[in-house]
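Everything on this sheet refers to the single structure shown next.
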Amino acid sequence: MAIARRENDLQLELRTLLQSPYVNLYHARWQASLEDSCRALEVVTHSDDPHAESNAHFLAATALYILAEREQAGVHANAGLAPFQGTSIINTSAARICYFVHPDGHYHIANPNTRAALGSTTRGNGVN
């Protein structure tokens, strides 16, 4: 992180920031993962990287879902799909978290492409 800031390398800083929430999720540090995801979201607003934005929202949604904050998880899951609205590109991780926060089967409300993107890859409960 220090190197990224010293070199004023926003992409390196963002890639580094996006790894921390994954590590915290792996070690069951849900709140820390959420905080790191929010820090990544602050940095991503200064970049033009829709995949990084989507991943930061996905990580925040995952932590919030685990912390039983379903409504807030839905906000981030939907926001994670927003960068790809109207395109054939889909972040399947964000689409899958939408399925969890919309368990009644209405996960497609976040993005018209979600159902098509997940339709060919889902089994049983909608998750591989």
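The values are calculated or read from the model by the stated rules, or taken from the named source; none is laboratory data. Keep in mind that what you see is a predicted model, and the values were worked out from it rather than measured. Neighbour counts are summed over all protein chains in view; Cβ atoms, including those assigned to glycine, are modelled from backbone coordinates with ideal geometry.
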Name the residue, out of H108, H51, that is modelled with pLDDT under 85, surrounded by fewer than 17 Cβ atoms within 10 Å (Cβ to Cβ) and either within 10 Å of the chain's Cα centre (by Cα) or part of a helix (DSSP H, G or I) (or both).
H51
So in the stretch 7-34, with the set limited to residues that are part of a helix (DSSP H, G or I) and surrounded by fewer than 16 Cβ atoms within 10 Å (Cβ to Cβ), which one is modelled with the lowest pLDDT?
Q11
